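Below is one structure, written out as structure tokens; the observations come after it.
The values are calculated or read from the model by the stated rules, or taken from the named source; none is laboratory data. Computed from a predicted model, the values in this text were never measured in an experiment. Don't worry about glycine lacking a Cβ; one is built from the backbone with ideal geometry, like all the others, and counts go over all protein chains shown. Only protein heavy atoms, including side chains, enter the accessible area calculation; ligands, DNA and RNA are left aside. Shrake-Rupley method; radii C 1.70, N 1.55, O 1.52, S 1.80 Å.
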Amino acid sequence: MILEEIVVLGDAVVRIGLDDALRYRLSYGEHVVYENGRRTVRGRSTAYEFKSVEKLRYDFERDVEAQGGRLG
């Protein structure tokens with residue numbers, strides 16, 4: 001793993017992982033999960049096109065906030 005981070009918040013655990021093959025997983029509990037070309041929000045999964053780490057983080061944070069969550 002190039003990057004692995006686990007943050008415990010009051011209402012969820014945020015996990016971030018990125019490896020040297022650019023496989024990734026970001027999760028906010030089970031409510032929002034981004035993993036290797038898939039985006040799952042409240043159990044509904046759709047394709048996700050990875051463009052950059054910055055865009056991935058922005059999209060993930062936006063979905064967390066849309067579900068009533070808060071990062072940081």
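Taking the residues in the range 56-72 that are within 11 Å of the chain's Cα centre (by Cα) and open to solvent by 70 Å² or more (accessible area, probe 1.4 Å) as candidates, determine which candidate is modelled with the highest pLDDT. Only one residue tops the list, namely R62.
Of the residues making up the range 38-55, just one is at pLDDT below 95 and open to solvent by less than 60 Å² (accessible area, probe 1.4 Å), namely S52. Can you say whether G10 is out of contact with any Pro (no Cβ under 8 Å at 6 or more places or on another chain), crowded, with 17+ Cβ neighbours inside 10 Å and in a loop (DSSP other than H, G, I, E, B), as far as the supplied structure shows? No: the conditions fail for G10.
Within the range 20-37, one or more residues are open to solvent by 30 Å² or more (accessible area, probe 1.4 Å), under 18 Å from E4 (Cβ atoms) and among the hydrophobic types (A, V, I, L, M, F, W, C). Taking each residue of the range 4-33 that is more than 19 Å from E49 (Cα to Cα) and of a type in the set (A, V, I, L, M) and looking for partners that are open to solvent by 100 Å² or more (accessible area, probe 1.4 Å) and not in a strand (DSSP E or B) with beta-carbon atoms closer than 9 Å, six or more apart or interchain, yields L9/R70; A12/E30. Please determine, by comparing only the residues of the range 15-53 that are among the aliphatic types (A, V, I, L, M) and part of a loop (DSSP other than H, G, I, E, B), which one is farthest from Q67 (Cα to Cα). Per the stated criteria, the residue is A21.
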